[in-house]
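The values are calculated or read from the model by the stated rules, or taken from the named source; none is laboratory data. The shown structure was predicted, so the numbers you read here are calculated from the model rather than taken from an experiment. Here Cβ is always computed from backbone atoms with ideal geometry, including for glycine, and neighbour counts include all displayed protein chains. Protein only, heavy atoms only, side chains kept; ligands, DNA and RNA dropped before computing areas. Shrake-Rupley method; radii C 1.70, N 1.55, O 1.52, S 1.80 Å.
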Amino acid sequence: MIFSTASFLAWVVAFIFGIAIREYLKALVADRLGDKLPRSQGRLTLNPTMHHHGLGLVLAFMASVGYPVITWGKPVEVNTHALRGGRGSITLVSAVGILANLLLGWLIWLAASPYIRNAKSTDLLANFLYGLVLVNLLLFAFNLLPIPPLDGYYFIKGLLPAQWDVKLQSYETYGMLILVIVVLFIPFLFGIFSSRGGNPIFDFIIYPIVRAVGGLLGISIV
């Protein structure tokens, strides 16, 4: 991977603040729906320190320079039983989490696209702003994966009948392990046994989603 100052800064800034904004909005919606757990845990704030783990931030810096690692923020804990509307409400909270980074990336694009389109390819600020857009779209697409603890999983779970909870319990227990296998181990094997190389999860799932959604929103994805 060729190091790019603009890409590095964009990844770090988008990760730190993009996740903080996403988790704050989830906490806010849960609070408005009657669950006071996020409030009691201090999650009704845009302060990034309340929405990140130290190790997750270290891994985010590693990811920004090309290391194959999984990074994460601190997921908002939601008490489903305290939410008005029951299972439908957890679907709403998860939907907010999924759409937050998409909306943030789109708003940045709307504000910055005139400058980005007219800037030179070597313009550091333009590349940084474009990076903010791209990283937020990547966070959105990645969060769609139906694997716990990602919002894509809890969105689907909220749509299923309550009797599915027992069946899904073991899946949730091993969710992080499954995520590691899908995001790191499978691409590792793919790189060994395929002359094409690359990361199939991103090449065939994440990037196509980013390009498709970016196209719908008028965002130029290169």
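Details
- Residues satisfying the stated conditions in region 134-159, i.e. more than 19 Å from Tyr207 (Cβ to Cβ), touching a residue at least 60 places away in the same chain (Cβ under 8 Å) and open to solvent by 20 Å² or more (accessible area, probe 1.4 Å): Pro149, Tyr154, Phe155, Lys157, Leu159
- Matching residues in region 145-177 - criterion: being part of a helix (DSSP H, G or I) and small (Gly, Ala, Ser): Gly152, Gly158, Ser170, Gly175
- Taken together, the residues in region 113-124 that are within 18 Å of Ile219 (Cβ to Cβ) and assigned to a helix (DSSP H, G or I) amount to 6.
- First in region 93-122 and closer than 22 Å to Leu44 by Cβ, second anywhere and of a type in the set (Gly, Ala, Ser) and in a helix (DSSP H, G or I), Cβ under 7 Å, 6 or more apart: Val93/Ala30; Ser94/Gly158; Ile98/Gly152; Asn101/Gly18; Leu104/Gly18
- Residue ID - farthest from Trp72 (Cα to Cα), chosen from residues in region 170-182 that are without any contact (Cβ under 8 Å) to a residue 24 or more places away in the chain and surrounded by 10 or more Cβ atoms within 10 Å (Cβ to Cβ): Tyr171
- In this entry, Lys36 passes the filter for residues that are exposed (fewer than 13 other Cβ atoms within 10 Å of the Cβ), over 30 Å from Asp123 (Cα atoms) and at pLDDT 95 or above.
- Residue check, Ile16 within 26 Å of Asn199 (Cα to Cα) and part of a helix (DSSP H, G or I): yes
- Test: residue in region 135-144 that is modelled with pLDDT of 95 or more, under 24 Å from Tyr67 (Cβ atoms) and not in a helix (DSSP H, G or I): yes
- Qualifying residue in region 84-107 (condition: among the aromatic types (Phe, Trp, Tyr) and buried (at least 19 other Cβ atoms within 10 Å of the Cβ)): yes
- Residue within region 92-112 that is at negative phi, part of a loop (DSSP other than H, G, I, E, B), at pLDDT 90 or above and touching a helix residue (DSSP H, G or I) at 6+ places or on another chain (Cβ under 9 Å) present: no
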